[in-house]
Amino acid sequence: MEQKKVFKTVWEKYDEYGLNCITNFGEDYRQFLSVAKTEREFVTESIKLVEDRGFVNLDSVKGALKPGQKIYAVNKNKNLAVFVIGEKPLTEGMNILGAHIDSPRIDLKQKPIYEKNGLVLFDTHYYGGIKKYQWVARPMALHGVVCRKDGTSVNIVVGENPNDPVVGISDLLIHLAGKQMSKPGSTVVEGEDLNLLVGSTPKKDCEKDPVKAYLLDLLKEKYDIEEEDFVSAEIEIVPAGPARDYGLDRSMIMGYGHDDRVCAYTSLRAILDMKTPMHTSCVILTDKEEIGSVGATGAHSRWFEMLCAKLLNLNGITSIVELNEMYSNCSMLSSDVSAAFDPNYAEVNDPNNCAYFGKGVVFNKYTGARGKSGSNDANPEFIAKIRKALAEDDIMYQTSELGAVDVGGGGTIAYILAQLNMDVIDAGIAVQNMHAPCEIVSKADVYEAYRAYVSFLKRL
């Protein structure tokens, strides 16, 4: 019997056609990531994708669900769930891909605008785990929404068009930074010093805060918003500019928000390929993972549970027993990124148990910190089923831990959905510079993860 050839990387496995698929898929993702820089934008762009493939909003669905039916649901403009109904009854479970679409960033405070020494600045509060010094002295853009008292709202995107101005957070010049440079990295830049410089033009014939007054006039003219409207606004400060090909060989993508939009996008693309699966396919995109999956749009929210109850109800099932039976029969990949090995910082990893660029989708049996604290720790029986599916579709995968034992750690949404008694494991894409303004992924891993997600939805 001929033995299957073992390849060291995804790149070596594919012929010219396959390599073109990697390139084309990577370009689709790069363009998507460049415009979907917030949770709301990701949901908006995703709805365009699914509706183009014939998915309809669950609110418009009447009567029993039928195999092959394609539906989606939205929660508060920040969550999206997408379903392709399978041949088997919903009570026999779903195959779920779950990812989060929030990323570390800097937010405006509710009372952000102030003038100081002839400059007007926005006061901020960072979101998620960041190295604060990485977010200064670089061009930044403003993305978000301002909601007025009359119920109307205005979307704001400034800094992405080449003709737009950009904004930014200043840093101390090296000539005067002796004291600053002696500080530990965690305090080189303090949180309260992440103030965004946005203007310096004074309004004529204005005695009090003339620069602030000039800026407020601009905001009124362009967006018809007042200073008090920022109380009901959600403005995110993110790196300006598109995601870019990275490396002289264009084998990687550099961009803001790979964590975790790279897994969210590949999950979406996977479910778009589903015709009529045996078990219902589902993609659930959540918010707030970077701050603990809290709130009405985080994975701890009961929105997904209520949504599943609604699906069963359409088929005449109202029993809590059958709802719980469905959860117990579900299988889920927590589609979240893993840390890619970096030869510049090799000492933080166990080289035999870490993820490498170009070696395919990454499975983390557990995450957590130190003694696996806060981890899901997937069951081996479930892992064996996934291995079988990937082998049948000739998909490369690797396993990893998030750093060497006692070095660090992190978490995902895996443990949250596992509380519903479903089998869950983390499966995602390796990232360098995680949580930095410019993260890096391998195009080969992006494509292979997409194929792995298709295999999971189709075969489990």
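The values are calculated or read from the model by the stated rules, or taken from the named source; none is laboratory data. Quantities reported herein were computed from a predicted structural model and do not represent experimental measurements. Glycine also receives a Cβ, built like all others from the backbone with ideal geometry; neighbour counts cover every protein chain displayed. Side chains included, ligands, DNA and RNA excluded: accessible areas come from the protein's heavy atoms. Shrake-Rupley method; radii C 1.70, N 1.55, O 1.52, S 1.80 Å.
For the structure I just gave you, tell me whether residue 68 is under 23 Å from residue 459 (Cβ atoms), open to solvent by less than 10 Å² (accessible area, probe 1.4 Å) and not in a helix (DSSP H, G or I).
Numbers: under 23 Å from residue 459 (Cβ atoms): yes; open to solvent by less than 10 Å² (accessible area, probe 1.4 Å): no; not in a helix (DSSP H, G or I): yes.
When the stated conditions are applied, residue 68 does not pass them.
Each row is one residue, and each column tells you yes or no for (1) open to solvent by 80 Å² or more (accessible area, probe 1.4 Å); (2) within 27 Å of residue 259 (Cβ to Cβ); (3) among the β-branched types (Val, Ile, Thr).
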residue: 17; (1), (2), (3): yes, no, no
residue: 23; (1), (2), (3): no, yes, yes
residue: 31; (1), (2), (3): yes, yes, no
residue: 37; (1), (2), (3): no, yes, no
residue: 58; (1), (2), (3): no, no, no
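Exactly one condition in (1) of a type in the set (S, T, N, Q); (2) touching a His at 6+ places or on another chain (Cβ under 8 Å); (3) not in a strand (DSSP E or B) is not met by residue 95; state its number.
Only one criterion is unmet by residue 95, namely (3).
So if I check each of 294, 262, 231, 321, which one is touching a Lys or Arg at 6+ places or on another chain (Cβ under 8 Å) and part of a helix (DSSP H, G or I)? Please lay out each step first, then the result.
Numbers: 294 fails: part of a helix (DSSP H, G or I); 262 fails: touching a Lys or Arg at 6+ places or on another chain (Cβ under 8 Å); 321 fails: touching a Lys or Arg at 6+ places or on another chain (Cβ under 8 Å).
The match here is 231.
When you scan the range 114-141, how many residues do you find that are open to solvent by less than 20 Å² (accessible area, probe 1.4 Å) and either hydrophobic (A, V, I, L, M, F, W, C) or farther than 27 Å from residue 290 by Cβ (or both)? Give the steps one after another, and end with the answer.
Taking the range 114-141 as the starting set, the residues that turn out to be open to solvent by less than 20 Å² (accessible area, probe 1.4 Å) are 120, 122, 124, 127-128, 135-136, 140-141.
Checking the rest, the ones that are also either hydrophobic (A, V, I, L, M, F, W, C) or farther than 27 Å from residue 290 by Cβ (or both) come to 120, 122, 135-136, 140-141.
Adding up the residues that qualify gives 6.
Output yes when any residue across the range 379-389 is open to solvent by 50 Å² or more (accessible area, probe 1.4 Å) and either assigned to a loop (DSSP other than H, G, I, E, B) or touching a strand residue (DSSP E or B) at 6+ places or on another chain (Cβ under 7 Å) (or both), and no when none is.
yes
Could you run through the range 280-323 and say how many residues are among the hydrophobic types (A, V, I, L, M, F, W, C), without any contact (Cβ under 8 Å) to a residue 60 or more places away in the chain and under 17 Å from residue 414 (Cα atoms)?
1
Looking only at residues in the range 391-437 that are acidic (Asp, Glu), farther than 24 Å from residue 321 by Cα and outside any loop (DSSP other than H, G, I, E, B), which one is least open to solvent (accessible area, probe 1.4 Å)?
Filtering the range 391-437 down to residues acidic (Asp, Glu) leaves 392-394, 401, 406, 423, 426.
This time we only want the ones that are farther than 24 Å from residue 321 by Cα, so: 392-394, 401, 406, 426.
Now drop any that are not outside any loop (DSSP other than H, G, I, E, B), which leaves 392, 426.
On the way: 392: 91, 426: 8 Å².
The selected residue is 426.
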